[in-house]
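Enquirer: Quick one: this structure, given as structure tokens, is what I'll be asking you about.
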Amino acid sequence: MRPESTAKLAYSVPEACAATSLGRTSIYAHISAGRLRAVRVGGRTVIPADSLYALLQGEPAE
């Protein structure tokens, strides 16, 4: 299921942890392994919502 048009486009690492019930270390491990896409915006790391949905559905990261 994809997000609604009013849903968030991206999540900070703490928001991604809360949204998925995964810990910070797990989130960064998925990023390092290439299973989760992360984007640096300024000094901040954000995770696109579609990448989180793909991870939870077992799909490969784009």
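Rule-based calculations on the coordinates, nothing more; no lab input. Since we're looking at a predicted model, the values are computed, not measured.
Enquirer: What is the gain in length, in nm to one decimal, between residue 17 and residue 53 on full extension, counting 0.36 nm per residue of separation less the C-alpha to C-alpha distance? Don't skip to the end; give the middle numbers.
Expert: On the way: separation 36, 0.36 × 36 = 12.96 nm, distance 1.30 nm.
So the chain would gain 11.7 nm between residue 17 and residue 53.
Enquirer: With θ set to phi - 60°, apply the Karplus curve 6.51 cos²θ - 1.76 cosθ + 1.60 along region 43-59 and write out the HN-Hα couplings as whole Hz, x wherever there is a Gly or Pro.
Expert: With the stated coefficients, region 43-59 comes to x, 10, 9, 10, 10, x, 4, 5, 5, 5, 4, 4, 4, 5, 8, x, 8 Hz.
Enquirer: Now a separate question. Taking H as built 1.01 Å from N, whose amide H comes closer than 5 Å to the amide H of residue 10, not counting residues under 5 places away?
Expert: Those lying under 5 Å, H to H, from residue 10 are 49.
Enquirer: A further question on this structure: Which of 23, 34, 43 ends up with the largest GNM mean-square fluctuation for the chain, with Cα atoms connected below 10 Å?
Expert: Between 23, 34, 43, it is 43 that shows the largest mean-square fluctuation.
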